[in-house]
Structures are given as structure tokens and as C-alpha cells.
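Structure first, commentary second.
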């Protein structure tokens, strides 16, 4: 069987299952007695194993199988959850992630897993060696009420139950016994059904529900339920009904529904339209269908689309936008009323289309945020710190291109908070702080930007230490350091080669990191600022544009050239009289709205001869809390532009971030105002 056509689907679903395993392992560490969480982890591992076996990845299959054995021991209460055991499982997950990354890059997914498999086997074997007596007693308990093997599910019911698993529901088998002196058994059945209303859905019954309602049973019966409630809650709900002698509810796994596939045996292949390049999830019956909904054929409401196709759609729309600009110019020149009205209608439709395409490219930042809980856990153990990572706003959406590039900067900032920000537990206690430090990772929308904040309640930034390091590195003089405001001192942290670490460690100390963070964020059209209160903590704030493809820009004229400046960087436009311009330390400045801001002549910046003007049009741009006035020859107006790369032969052009094609077919360069504001 050729599996190449399913590779993208395999990689995507494997990443989803591994993320689910990571998330649930972290939840299990906080609540070690929560067996439903173990069932969720087991289910993800089991599904991943089956997929890997189908695709022929033997190492992946072998490792997930051994991980299953450990999880099986935990869910059967033969093994207690401890930090040491979870460390081994986390290590196994890390190996699995490496294999999936290798496969996604065209590799064979092979890894040296001998050591990690051996570690998992030791954990599993510890069950028999150390917990033999408890295991035996537990076995006695469980054999008293095993799953009812007489219950057989047809394909339809199995599909309904699998759908419930995928939607995050628990599936239970409830064995119920009524007292032998029970009269009106039918009434007790109705009372049980009424008690479960709103708490669980009855998917299957043995005998059938009809037989139960007609009292065609002795005193025992079995129901298969789907629910969000715990076994204890459901047992208590049913047990409260009079004349119910015994109720036992046990969790079902997807593996219990049908025989497990052996490694190497292909399972039913996912439905994929290979010609269209669009991957679609197999749609299973919903709960409404299982209850006899009139709508017997519910169409799939979601499909998996190859991201390259969305990018191609975006590129085609960008071309459409360029031609629309050309039509707008021709319509203005012809002054034809019908043409103008038609163009206005076309503009409305294309704006709707643009919003739709951009929304298709938007993905939640949880795609990046999800990697951090495990990273923080690992760093905290390595450094002997107690850390609570709180994440809010993970569902905030951002352009996929931005999300793909923001991961590494966030890694640097969070590692910085763990290492430099938060103190050791004994130090925190001495300072009347809780032993456990808190790092908050937040994301939220602000206008046409997304804000990402990393805040810790640690020691804060030592201003004197930063100044001392900057002076010794030759970045500033001692006198300058004494006069700089805190905001500018903190900005020095983003200078290349500067580190405030007292010693080099695996986490930090080499002066590489925050300068890369700033460069990456600014290359995305964003900005980063930092505030800090000594003894209370620090806050890093990142401001990012929603999208990088199509932006609103102000067109300006310099000499005979047209330039574009992103509106997201512009505070306002103004006219600056020549008489109000002053020079301070060889830098032209102007007093603007009670603040002294530098003046930057774009003529001088781009090598045009200076031209004397009594009144100079200016664009006030902002980067963080800094402002500057860009002098231009004239302001043309606002326009929606498509950002184009300058190509690989024009990299690192100062103050230019790209180009765009105007309605008249000419090329306008896009000014990188962040590079001009220092």
C-alpha cells in the first residue's frame, strides 16, 4: 500500500496527538489520581501507534507501544504517578516529537530509542517487583466486575462512540443491578433514564432500552454511556434511586471497541482527495444522528486544506488587488460615472473576499504557546525553581506567517524569565514571596495588532547592573549611563553581546538571545518594550501586526520617487515650519506636542540632495514609546498595498522592508520606520 498520499495527514494528526499527550501529562502531574486523564493520554498514544504502524514507522510504533504499557499500568492502578515516572514519559514524548519532525522533513523517523525503551521497561517492570501485593488485591477487585463481554457493538454504534471519544467525551459501561424484591421494575428504569438526563447519553443497552421499558429482563442490565461527568458522579446519581442494589461504572477505551491492530497491519486509510490536495477528516455519525435525528445526512463542516493552496489563493488575490488599483486610477482619469460605480461594487466584493482569505490564514497562537508548559517544567527542574506558568488568550488569532516566526523569540523571553527573573525558592521566601514563582504568558487583540506579554513576579531588572555591563561592553559611557532614563537602560538589554548573567549556563549568559528577539520582531513589523519594578518583576510586551501580506499604507513623495509607510507605525501627519527646527548634539529635533523628537530627512536618508522648504510635510512615526518625524516632499494619500519581497539579491537594504506595485504599474519601496527610530 502506498502511504505517500497520506503523509501530510499523518504528520498533522500526529502533532495533534502529541500535543494532547503533553497537555494531559502536565494536567496529570497536578492531579495524579485523575484516571480519566490517563485514559485520554492512553487513547492518544494508542491512536498514534496505530497510525505509525500503518505508515510503516517501526521505531515510532515500538516506542509508543512501550509507553502504552506504562500508561496501562497507571490506569489499572498498578502504578502510582510520580514525578520520576512522568519524567521518563516526557522523555519518551520528546523522542516521539523528534521522530515526527524528522518525518516531516523527509526523513525515515528512525531514532536511537534503545535507552528510552529500556527506561520505560524498568518503570513497567517495577509494577511486578514493588507493587505485587497491591496489584493482586486490585486484580481481585477488578475481576469482580469486569467489562461485560456479552456487549457487542455494531459498526454504527462503534462509530458513534469513536466520535464521542474525538469530541472529548468519556465512554462508560454501567452495570446496574436492581433488588430482587423490586416491584415495578419499569418505573425504576424510567427513573434511571430521567436521572441521567442532561448528564449522560445512553448509546447502547443490553437488553435494549425497549426491552428494559417492557420489563423483559431479570434484575441486571448494562448501559453504554457517553458523558463529561466522572464515574463517581454517575454512580452516585444512579445509586440514589431506590431499589438499585448495585451500580458499577467502568471507563471504556477506543481499544475496547474492536481488536487492536498489530504493528505493521494497516488500518483503514483516511479519506484523502489526492488530486485536489485537500485532506478531509472522515465524518462519523453525530450524537443527534444516534438519537434518530431527522437529518440523516449531515455534511462535513470542516476540511483540512493544504496550506500551500491557501498561500496560492492569497497570491492570486494580491494580483487582483494590484489590478484593482490600476482600474481605480483609470476610472479617475476617465471620469466615467458608470465605470466608477462598477468599480465601487467590485471594491466592496473584493474587500469581503480579502477578509475571508485573511481569516483563512489566521491561526490561534496556542499553536506556539502549547510548547511552553513542558519547557518551563523542564527548566524549573533543571534550575531547582518552583514555577507556575499561566497562559491566557491562547485562542487569539494571528497570521500564520507571523505565528511561524514568533516561536523562537518567545522561547528566548520565557527562558530569560525563568533564569534571570524568578528567584530560587529559599530566596523568594526570604523576600516574603511565595516559594513558587509565576510567569504569565498573555495574548490579546489591540486594534489591528496582537499584543503578547511575558510577565514574571521575580526580582526585576537591576538598573545599575545593566549600566555597568553596558559600560564595560563599550555600548555607553559611564556619564551616559547615569543620565539615561530607565526605559532606555532596559532597551540596552537588546544590544548584541550584552548579558546580565553572573555565569554562563545552559540557559543563558553568552549575550545571545534578546538581540535576536528584537531583530526578529522588528522584521515582522512589530516592536518590543520592557518595563520592570525592582523586587516585583518584569514585563516584556510584544506588538505584532495581524498580517504581513496586505496592509494599509500612507504614500509619500520624496524627489520623484513614491514610498509607502505602514499606517500601523504612523501616529499622525503634520507640517513642521523650518523655523521650529533646532539642532541638539548634531541631531535635528523639533518640539512636538510638548515632547522633543528627532527629525529624519528621507531625502538625506535615501541620498537625494537637500531642498530648502519653509514648511516641511512630516510623518510622525512611533516605535514603542519612541517617536520621530520623517520629513517628506509631499503626502499622496492612504492606499491598501500588497507587500512584495525585494528578493534574495537585495537583502538587508537599510530602512526598506519590501516593495509594492502601484495602480500605475510603478514600484514603490516600503519604508521600515523601525530602522529609522532609535
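Any read-out appearing in this document is the output of simple, stated calculations on the displayed coordinates, not a laboratory observation. Since the model is a prediction, treat every value here as computed from it, not as a measurement. Virtual Cβ from ideal backbone geometry, glycine too; neighbours counted across all protein chains shown.
For region 4-144, compute Rg over Rh where Rg is the Cα radius of gyration and Rh is the Kirkwood radius from the inverse mean 1/r over Cα pairs. The partial results should precede the final answer.
Working: Rg = 15.6 Å, Rh = 15.6 Å.
A ratio of 1.00.
For region 150-200, report the % of Cα-Cα distances exceeding 14 Å. Show your work: numbers first, answer last.
Values: 869 of 1275 pairs.
I get 68 percent for the Cα pairs in region 150-200 exceeding 14 Å.
Model label points for residue 395 and residue 319, set 7 angstrom from Cα along the Cα-to-Cβ axis, are 3.8 nm apart.
Could you calculate the contour length gain from residue 15 to residue 613, that is, 0.36 nm times the residue separation minus the distance between their Cα atoms, to one decimal place in nm? Please list the in-between numbers first.
Working: separation 598, 0.36 × 598 = 215.28 nm, distance 6.03 nm.
Extra length available between residue 15 and residue 613 comes to 209.2 nm.
Value of Rg to Rh for region 61-100, rounded to two decimals, is 1.00; Kirkwood radius and Rg both from alpha-carbon coordinates. Under the simplified labelling scheme, the residue 486-residue 312 pair shows an inter-label distance of 5.4 nm, with each label point 7 Å from Cα along Cα→Cβ. Reducing region 150-185 and region 393-449 to their Cα centroids gives an inter-centroid distance of 44 Å. A compact globular protein would have a Cα radius of gyration near 2.2 N^0.38 Å; the ratio found for region 305-363 is 1.34.
Between residue 362 and residue 408, the FRET efficiency from the beta-carbon distance, with R0 = 22 Å, is close to 0.60.
Solvent-free Debye calculation, one equal scatterer per alpha-carbon of region 155-256: log10 I(q)/I(0) at 0.10 Å⁻¹ equals -0.26. Taking each residue as 0.36 nm, the span from residue 383 to residue 603 lengthens on full extension beyond its C-alpha to C-alpha distance by 73.9 nm.
Against the empirical 2.2 N^0.38 Å (N residues), region 365-545 has a Cα radius of gyration ratio of 1.02.
If r is the Cβ-Cβ distance from residue 211 to residue 167 and R0 is 25 Å, what FRET efficiency results, to the nearest 0.05? Before the final figure, lay out each step's value.
Working: r = 29 Å, r/R0 = 1.15.
Using R0 = 25 Å, I get an efficiency of 0.30.
Remark: the residue 230-residue 121 segment gains 36.2 nm on full extension, using 0.36 nm per residue and subtracting the alpha carbon distance. Label-to-label distance for residue 446 and residue 333 is 4.3 nm, based on points extended 7 Å past Cα in the beta-carbon direction. Computed on region 9-138, with alpha-carbon pairs under 8 angstrom and 6+ residues apart, the relative contact order is 27 percent. For region 365-545, relative contact order (Cα pairs under 8 Å, six or more residues apart, normalised by length) works out to 23 percent. If R0 equals 30 Å, the separation of the Cβ atoms of residue 596 and residue 666 corresponds to a calculated FRET efficiency of about 0.20. When peptides 551-563, 63-75 are ranked by their average number of other Cβ atoms within 10 Å per residue, the highest-first order is 63-75, 551-563. Globularity index of region 550-676 is 1.05 (Cα radius of gyration / 2.2 N^0.38 Å, N = number of residues).
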